[in-house]
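See below for the structure under consideration.
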Amino acid sequence: MPYEQLEISTQHPVLSWANHPLGSEETKMAKNVASLPFVFKHVALMPDVHLGKGALVGSVIATKDAIIPASVGVDIGCFVGETLIALVDGKSYQIKDLADQNEEFIVYSCTATGKIVAAKATARLTRKNAALVKVILDNGEEIICTPDHQFMLRDGNYQEAQFLQKDTSLMPFYSKVDQDGYTLISQPYAGRWQKAHWIIARSGLLGKIPKFDGQRTVIHHCNFQESDNSPEYTYNHKVVEVIPLNYTEDVYCLTVPEYHNFALKAGVFVHNCGMCAIKTPFTGEQLEGKLKKIRLDIETAIPTGFNENKDVEKAVTNWQKWRSFKDLHRGVQDIEEKAMKQMGSLGGGNHFIEICLDTENQVWLMLHSGSRNIGNKLAQCHIDTAKQLAKMAGEKLPDPDLAYFITGTPEFQAYWRDLQWAQNYAHFNRDVMMARFKKIIEKHLSGGKPFKPLLEVNCHHNYAEKEVHFGEEVYVTRKGAVRATTEDYGIIPGSMGAKSFIIKGKGNAQSFCSCSHGAGRLMSRTKAKNVYTLDDLIAQTAGVECRKDTGVLDEIPGAYKPIEQVMENQADLVEIVATLKQVLCVKG
């Protein structure tokens with residue numbers, strides 16, 4: 001269904017994909033936002049739109065020179081246009097040329113176990129006039145990127161460029177040509193060379209390498225003295241220095257949906273631009289008779305609601321972002337220990353952990369969570385600051401919750417820094433939970449043997465990014481919405497007991513390349529508890545292994561919009577990759 005422009009009088013239009021009239025309070029909220037002078041072009045409302053705080057949940061707001069601190073977000077780390085990307089055709093290409101070509105291509109990626117594989121990717125312009133740093137490596141290569149771009153460390157973790165230290169070991173990418181003309185790739189996990197065409201074939205991509213007619217540069221292959229079978233040389237590229245640069249440039253990045261990283265010609269792996277879901281190799285038959293035990297194990301391993309971990313695991317204490325906690329807003333300095341203990345916990349409300357089956361009976365693992373108490377408190381601290389500034393300036397806003405920060409001010413800089421930290425916290429929180437979730441599934445379905453996901457999808461909502469739309473760089477706030485460019489995979493879950501969808505974006509310009517983040521509520525939590533009974537909950541969640549008590553009555557499927565209608569309303573925004581049905585659901 002195409003959008004409709006709402007018949008309301010505002011400084012900027014409001015485009016809606018909801019396919020139904022807004023209520024009076026929803027209309028007022030949409031008008032308030034669209035009346036702000038710094039809104040860019042229009043406000044876009046997704047099919048799941050409903051009442052929120054200040055702005056509607058399911059709204060996409062692009063702004064110039066200002067931002068409303070109503071959500072938690074992260075900027076995208078990126079590279080200058082001349083950065084060379086190693087492709088599996090044995091050549092390297094400037095990232096700008098790949099973006100200009102606007103076609104899918106195949107890169108080298110690195111799995112969590114240090115195995116190099118081939119993966120599909122796309123490139124795009126992500127930011128204009130971005131601040132830059134230069135990362136110098138011990139192999140003589142220099143990489144110019146934004147300070148926040150994440151580099152893969154030798155142990156498989158990631159670290160932002162600005163925090164890389166001298167002698168930090170990075171995950172290496174070595175390539176050379178043998179005497180027969182075959183391209184060889186060094187496998188970090190095994191210490192041996194492997195022919196590139198075997199890597200491509202085993203990734204299922206042989207014969208799918210697209211032709212590229214843009215500017216190209218032949219890779220300079222490393223000239224190692226050891227024989228092809230020798231693993232004796234040092235398998236690390238180390239950081240020599242990170243230098244802040246005093247100029248800005250337009251920057252670009254890749255999207256690699258399956259592995260979320262890619263190799264640079266410089267010889268290292270970096271993270272691509274980033275609910276959470278993975279497709280497993282298991283089938284529904286393997287779950288028979290095991291769902292209740294799996295649910296109990298999940299509820300034991302992952303705290304829900306207001307609960308937190310009793311002990312902090314090593315992966316959490318080693319998280320690099322704790323180093324910058326002292327730089328966050330002074331209003332959260334007393335809850336660092338709590339933030340640590342909540343890392344790897346689910347929360348409450350509409351957060352969930354689910355096992356789903358797709359239409360081919362394949363098992364998927366999916367979870368939805370955020371930045372927990374620390375993210376909420378950071379947001380509230382900055383909202384309060386924005387309100388105080390508006391009051392001091394005597395500014396009359398249509399809603400106090402629409403108080404904003406102007407770019408270039410200390411308050412904006414502090415807010416943007418904390419946004420990035422909180423979004424990184426949310427992302428790593430999901431990683432910690434998914435790792436525990438995956439181990440539980442391995443225990444019950446494969447005797448504890450690790451499995452490789454067939455597909456991984458990780459997407460944010462309730463966040464802000466710098467993006468280019470209609471030829472201009474703007475701040476895009478997606479409040480309960482998911483980015484849906486043509487390179488993006490995403491997750492649109494229904495309510496507990498309903499279908500969910502793995503999607504790929506269509507890059508609809510009018511929606512600022514966005515789509516809904518779920519079904520959207522039909523009624524408030526309080527109303528749901530008054531309208532429905534426990535018997536209703538049991539009936540509406542039939543066939544799903546989940547809690548069936550009054551503590552989750554506000555999450556009953558009937559309190560949400562029908563997900564099938566929501567998907568129909570955004571057919572011009574996304575295409576469906578997989579349709580899932582829950583068989584197990586854990587709520588906070």
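The values are calculated or read from the model by the stated rules, or taken from the named source; none is laboratory data. Since this is a predicted model, take the numbers as computed values, not measurements. Here Cβ is always computed from backbone atoms with ideal geometry, including for glycine, and neighbour counts include all displayed protein chains. We work out accessible area using only protein heavy atoms, side chains counted, and drop any ligands, DNA or RNA first. Shrake-Rupley method; radii C 1.70, N 1.55, O 1.52, S 1.80 Å.
Computed values, structure above
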quantity	calculated
Residue that is in a strand (DSSP E or B) and either aromatic (Phe, Trp, Tyr) or more than 18 Å from the chain's Cα centre (by Cα) (or both), where the choices are Leu378, Leu357	Leu357
Selection count, the range 112-159, where residues are touching a helix residue (DSSP H, G or I) at 6+ places or on another chain (Cβ under 9 Å) and at positive phi	0
Residue count, the range 47-60 (criterion: open to solvent by 10 Å² or more (accessible area, probe 1.4 Å) and part of a strand (DSSP E or B))	2
Search result, residues across the range 445-467 that are more than 22 Å from Arg202 (Cβ to Cβ) and open to solvent by 40 Å² or more (accessible area, probe 1.4 Å)	Gly447, Gly448, Asn462, Lys466
Some residue of the range 263-278 being of a type in the set (Gly, Ala, Ser), at pLDDT 90 or above and exposed (fewer than 14 other Cβ atoms within 10 Å of the Cβ)	no
Test: residue in the range 339-346 that is part of a helix (DSSP H, G or I), more than 28 Å from Glu545 (Cα to Cα) and not hydrophobic (A, V, I, L, M, F, W, C)	no
From Gly344, Gly289, residue being at positive phi, open to solvent by 50 Å² or more (accessible area, probe 1.4 Å) and not polar (S, T, N, Q)	Gly289
Matching residues, the range 144-157, being closer than 15 Å to His427 by Cβ, in contact with a strand residue (DSSP E or B) (Cβ under 7 Å, 6 or more places away or on another chain) and either among the polar types (S, T, N, Q) or surrounded by fewer than 19 Cβ atoms within 10 Å (Cβ to Cβ) (or both)	Gln150
Test: residue in the range 35-46 that is assigned to a strand (DSSP E or B), among the polar types (S, T, N, Q) and either open to solvent by less than 10 Å² (accessible area, probe 1.4 Å) or touching a Pro at 6+ places or on another chain (Cβ under 8 Å) (or both)	no
Some residue of the range 394-404 being of a type outside the set (A, V, I, L, M), more than 23 Å from Met343 (Cβ to Cβ) and part of a helix (DSSP H, G or I)	yes
Number of positions in the range 547-588 that are open to solvent by 50 Å² or more (accessible area, probe 1.4 Å) and part of a helix (DSSP H, G or I)	4
Any chance Ala386 is touching a Phe, Trp or Tyr at 6+ places or on another chain (Cβ under 9 Å), modelled with pLDDT under 90 and closer than 29 Å to Ser324 by Cβ	no
Those residues of the range 90-141 which are acidic (Asp, Glu), within 23 Å of Glu465 (Cα to Cα) and touching a Pro at 6+ places or on another chain (Cβ under 8 Å), in sequence order	none
Residue count for the range 66-77, restricted to those that are open to solvent by 10 Å² or more (accessible area, probe 1.4 Å) and at pLDDT 85 or above	1
Residue list for the range 1-34, filter: closer than 19 Å to Glu564 by Cα and surrounded by fewer than 20 Cβ atoms within 10 Å (Cβ to Cβ)	Met1, Pro2, Asn19, His20, Pro21
Sole exception among (1) under 24 Å from Glu456 (Cβ atoms); (2) in a helix (DSSP H, G or I); (3) touching a Ser or Thr at 6+ places or on another chain (Cβ under 9 Å); (4) of a type in the set (A, V, I, L, M, F, W, C) for Ile294, by number	(3)
Flag if Glu308 is over 25 Å from Gln150 (Cβ atoms) and assigned to a helix (DSSP H, G or I)	no
Complete set of residues in the range 78-100 that are at pLDDT below 85 and open to solvent by less than 10 Å² (accessible area, probe 1.4 Å)	Cys78
Residues of the range 515-539 that turn out to be open to solvent by less than 10 Å² (accessible area, probe 1.4 Å) and within 22 Å of Gly52 (Cα to Cα), as a count	6
Residue in the range 426-441 that is buried (at least 22 other Cβ atoms within 10 Å of the Cβ), part of a strand (DSSP E or B), in contact with a strand residue (DSSP E or B) (Cβ under 6 Å, 6 or more places away or on another chain) and not polar (S, T, N, Q) present	no
Test: residue in the range 185-206 that is surrounded by fewer than 21 Cβ atoms within 10 Å (Cβ to Cβ), at pLDDT 85 or above and hydroxyl-bearing (Ser, Thr, Tyr)	no
Flag for Ile302 being under 27 Å from Asn373 (Cβ atoms) and open to solvent by less than 50 Å² (accessible area, probe 1.4 Å)	yes
Qualifying residue in the range 537-554 (condition: modelled with pLDDT under 95 and under 30 Å from Phe512 (Cα atoms))	no
Residue match in the range 163-182 (condition: assigned to a helix (DSSP H, G or I) and aliphatic (A, V, I, L, M))	no
Residue satisfying all of: in the range 477-514; of a type in the set (Ser, Thr, Tyr), touching a Gly at 6+ places or on another chain (Cβ under 7 Å) and not in a strand (DSSP E or B); most open to solvent (accessible area, probe 1.4 Å) among these	Thr486
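Residue-wise test of (1) out of contact with any strand residue (DSSP E or B) (no Cβ under 6 Å at 6 or more places or on another chain); (2) crowded, with 18+ Cβ neighbours inside 10 Å; (3) closer than 30 Å to Lys499 by Cα.
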position: Gln333; (1), (2), (3): yes, no, no
position: Glu337; (1), (2), (3): yes, no, no
position: Glu360; (1), (2), (3): yes, no, yes
position: Ala379; (1), (2), (3): yes, yes, no
position: His382; (1), (2), (3): yes, yes, no
